[in-house]
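**Student:** This is the structure I have questions about; it appears just below.
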Amino acid sequence: MQLRDALADYKRHAEHPTRFPGERRTTSGLFSGLGGRLVHIERDGSLRDFGYPLSGRWGIERSRFGIRPVDDDAGVVWFDDGAAQSYVGDGGLVVTEHETCYGDVTQYDLTIDDAHVTRFETSANVELVSFVHFQPDGRDTLVGQLLHGDAVEAYHADEHDFLAANPSFTHVEGRVPERFGELLSDANVELPRPLSDDRYEEGQLSGAVVTTVPFEGGEATVGTLLTDETETSRDEALERVRTLVTLGRESLAARSAEQVDGTVPDHDEAVAMRDDVRVLSLLSGSLGLRIAGPDFDPYYAYSGGYGYTWFRDDAEISTFLFESDEKLGLGLSEWHERSARAYCRTQRDDGSWPHRVWPFDGSLAPGWANARLESGDDADYQADQTGSVIAFLASYYGECDDPSLRADIESTLERALDSLDETLGDDGLPVDCQNAWENMTGRFSHTTATFLDAYAALALSDLDGELTDRAAARARDVYDAIDSLWSDERECYALRLADGELDDRYDSAALALVAAHRTYDTLHGVDDERLDRLVSHVESVFDGLWHDPSESDVKGLVRFEGDDWRMREQDTEKIWTVSTAWGANAAVELATLLAAHDDDRSAAFADEGRSLLELVLPDGPLSTDDGYLAEQFFDDGTPDSATPLGWPHALRLATLATLTDEGML
């Protein structure tokens, strides 16, 4: 997102009650891109690239499509109104239906590796008008264009972006973006801007281009390709983009089907499962690392950004996928292997993992919790990330059949165990550090849960006996220490210990204690008193965080008690899909744990889990109209923040897998 576009959005939404001005939202529309490049197709058919974190290339900053009659001088009718959208099959082929005064137009979009094809079909006697603004190397300035007859090339330095059409363009012209006076004015500038008539070179010193394309037999196709000059020659790029725009509808559908990984079995909730697998594939890079979600706030105006790999989120997703695959037979073994290799590759020498990395190469990304790379103490470090990675690698190790990778995992886990021990206090709780929500420091129930899960999973693995024995002893220490987080007054495990005092607010992240205890139960067994406390804990957190506003159908769990982040004009905490899906998962995990102890309270929690799960299923109020789980919802039903967010989609899949495996659906 370039500054011009951010300022234009700011002018449009500065007074909006639920929109944060200056963001690039994806709360409507669908994504294509199951191979690296990630392209958002808004309901009006406009395209925008979100794939830089996954591919290292920037692509389209903004775009617009429309039609105009062939036989008269009528103006362009842009596809600015919302339209019906859907996926074709399980892949990334998106269909958008446009209704115009000249007739209906159907748009097909598919991202193929680093290319994107947009095909239009209509029976109207019109021509296609397209506006595409590239940002090669993330630049809005110092950009040039080359015209190759039937293709346009926009470039800065390394990145070269190509545009072609079939049939070929009948007219092509470059356009400059908004000028300073237009940016500073109160009025919005409609794009594309008119041609400038006072500087002949301006049209070729911009990434923006306007083209007209005739319909031939009712069909017209536009294609874009993002390349790196050091990897792809100009001739190769031109040949490829010219070939791509000749693909027909059936060819696009076939290409889309080839992109699908794994197989979701026939199931009552197969649609949700397929959506989850598709979303997690969209957010994945070639190394196997995932972005948390499409980055809607690149200027950090209201957040710290989302287009990065957090090892907490990523490893939790990896664990959910691995467990779901074991229970449902999804055929995602290559995903698990890529994740394991990526974690081994990105581990620091001290055994920990950094706050955030770029998924396209695993290098350090901007962050605020890198105390272990600085001279600070562990308070500005998120120790739960290391715990989450350990839990996945320890679980996957037994299923890995590559001797070299097994050796890498073993050495990685040895260093990681040392790192985890360094951040475990003498009393059995993690030391002061940042929490999962990244807005506090202290000694958190959630961090403690990840430590318990990591130690127990490592102890249960078939690694070297000395390593597993050590992990088993640490798991017992943490298990015993959890009692110090208990609040008698609120009958729950506290959010944290801060300066020796219990901060016993309800926290949805503390629901992670349930799954951790289920892992521990296999190792040493959970005693009856702890089972009772877990039951009270889950009931108290559900009651304390439940929110059912009157002004819409949305309802679910808020993140934690007193959460005031991204509230805009709302005066209460917002509902989070992560928290609601976490609640569903915790209830089902607790039901399974209780059933293993022949506890008749199991059925009630299975019912609670199914009830919470319904809220985040495709027909539920916390799923967008497009089938994605946004991170948050306002009380009026407006989705907000990163959309789709990988974490709740993985939680939903894992919960469905457990319900299926336990015969609870």
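**Student:** So if I check each of GLN632, GLN570, which one is on the phi < 0 side of the Ramachandran plot, of a type outside the set (D, E, K, R) and surrounded by fewer than 18 Cβ atoms within 10 Å (Cβ to Cβ)?
**Tutor:** Working: GLN632 fails: surrounded by fewer than 18 Cβ atoms within 10 Å (Cβ to Cβ).
Only one candidate qualifies: GLN570.
**Student:** Moving on to the next point. Can you pull out every residue in segment 548-563 that is at negative phi, touching a residue at least 60 places away in the same chain (Cβ under 8 Å) and not in a loop (DSSP other than H, G, I, E, B)?
**Tutor:** Residue satisfying the conditions is PHE560 alone.
**Student:** Residues to consider are ALA391, ALA371, ALA407; find the one that is surrounded by fewer than 23 Cβ atoms within 10 Å (Cβ to Cβ), touching an Asp or Glu at 6+ places or on another chain (Cβ under 7 Å) and among the hydrophobic types (A, V, I, L, M, F, W, C).
**Tutor:** Details: ALA391 fails: surrounded by fewer than 23 Cβ atoms within 10 Å (Cβ to Cβ); ALA407 fails: touching an Asp or Glu at 6+ places or on another chain (Cβ under 7 Å).
None of the others qualify; the one that does is ALA371.
**Student:** Which numbered condition trips up GLY262, out of (1) on the phi < 0 side of the Ramachandran plot; (2) not in a helix (DSSP H, G or I)?
**Tutor:** Unmet condition: (1).
**Student:** Right, something else. Go through segment 45-67 residue by residue and tally those that are free of Cβ contacts under 8 Å to residues at least 40 places away in the same chain and either among the basic types (Lys, Arg) or in contact with a helix residue (DSSP H, G or I) (Cβ under 6 Å, 6 or more places away or on another chain) (or both).
**Tutor:** 1
**Student:** Moving on to the next point. Take GLU99 and tell me if it is in a strand (DSSP E or B), without any contact (Cβ under 8 Å) to a residue 24 or more places away in the chain and not assigned by TED's automatic domain parsing to the domain that holds GLY285.
**Tutor:** On the way: in a strand (DSSP E or B): yes; without any contact (Cβ under 8 Å) to a residue 24 or more places away in the chain: yes; not assigned by TED's automatic domain parsing to the domain that holds GLY285: yes.
When the stated conditions are applied, GLU99 passes them.
**Student:** So which residues in segment 116-129 are surrounded by fewer than 24 Cβ atoms within 10 Å (Cβ to Cβ) and in a strand (DSSP E or B)? Lay out the reasoning, then the answer.
**Tutor:** Kept after step one, since they are surrounded by fewer than 24 Cβ atoms within 10 Å (Cβ to Cβ), are these residues of segment 116-129: 119, 121-125, 127, 129.
Scanning segment 116-129 gives ARG119, GLU121, THR122, GLU127, VAL129.
**Student:** Checking ASP109 against (1) acidic (Asp, Glu); (2) more than 26 Å from LEU225 (Cβ to Cβ); (3) assigned to a strand (DSSP E or B), which test does it fail?
**Tutor:** That leaves (2) as the condition not met.
**Student:** Which residues, counting only those in segment 415-465, are of a type outside the set (A, V, I, L, M), part of a strand (DSSP E or B) and in contact with a Lys or Arg (Cβ under 9 Å, 6 or more places away or on another chain)?
**Tutor:** Just the residues of segment 415-465 that are of a type outside the set (A, V, I, L, M), to begin with: 415, 418-419, 421-423, 425-428, 430, 432-435, 437-439, 441-448, 450-451, 453, 455, 461-462, 464-465.
Narrowing the set further to residues that are part of a strand (DSSP E or B) leaves 430, 433-434, 441-444.
Scanning segment 415-465 gives PRO430, CYS433, THR441, GLY442, ARG443, PHE444.
**Student:** Quick check on TYR87: is it over 19 Å from the mean Cα position of the chain (by Cα) and surrounded by fewer than 24 Cβ atoms within 10 Å (Cβ to Cβ)?
**Tutor:** The answer is no for TYR87.
**Student:** Inside segment 595-614, can you point out the residues that are in contact (Cβ under 8 Å) with a residue 60 or more places away in the chain and surrounded by fewer than 22 Cβ atoms within 10 Å (Cβ to Cβ)?
**Tutor:** Of everything in segment 595-614, those that are in contact (Cβ under 8 Å) with a residue 60 or more places away in the chain and surrounded by fewer than 22 Cβ atoms within 10 Å (Cβ to Cβ) turn out to be ALA595, ALA596, HIS597, ASP599, ARG601, GLU608.
**Student:** Looking only at residues in segment 55-82 that are over 30 Å from the mean Cα position of the chain (by Cα) and assigned to a loop (DSSP other than H, G, I, E, B), which one is nearest to HIS133 (Cα to Cα)?
**Tutor:** Restricting to residues being over 30 Å from the mean Cα position of the chain (by Cα) and assigned to a loop (DSSP other than H, G, I, E, B), the top hit is VAL76.
**Student:** Right, another one. Would you mind stating whether LEU452 is buried (at least 23 other Cβ atoms within 10 Å of the Cβ), more than 26 Å from VAL538 (Cβ to Cβ) and modelled with pLDDT of 95 or more? Explain how you work it out, then say what you get.
**Tutor:** On the way: buried (at least 23 other Cβ atoms within 10 Å of the Cβ): yes; more than 26 Å from VAL538 (Cβ to Cβ): no; modelled with pLDDT of 95 or more: yes.
Taking the combined requirement at face value, the residue does not satisfy it.
**Student:** Checking the structure you have, find out if any residue of segment 360-372 is farther than 28 Å from ALA654 by Cα and in a helix (DSSP H, G or I).
**Tutor:** yes
**Student:** Condition check: in the same structural domain as ASN585 (by TED's automatic domain parsing), polar (S, T, N, Q), without any contact (Cβ under 8 Å) to a residue 24 or more places away in the chain and out of contact with any helix residue (DSSP H, G or I) (no Cβ under 8 Å at 6 or more places or on another chain). Does SER281 satisfy that? Walk me through it before giving the result.
**Tutor:** Values: in the same structural domain as ASN585 (by TED's automatic domain parsing): yes; polar (S, T, N, Q): yes; without any contact (Cβ under 8 Å) to a residue 24 or more places away in the chain: no; out of contact with any helix residue (DSSP H, G or I) (no Cβ under 8 Å at 6 or more places or on another chain): yes.
Criteria not met by SER281.
The values are calculated or read from the model by the stated rules, or taken from the named source; none is laboratory data. None of these values were measured; they are calculated from a predicted model. Backbone-built Cβ (ideal geometry, glycine too); neighbour counts: all protein chains shown.
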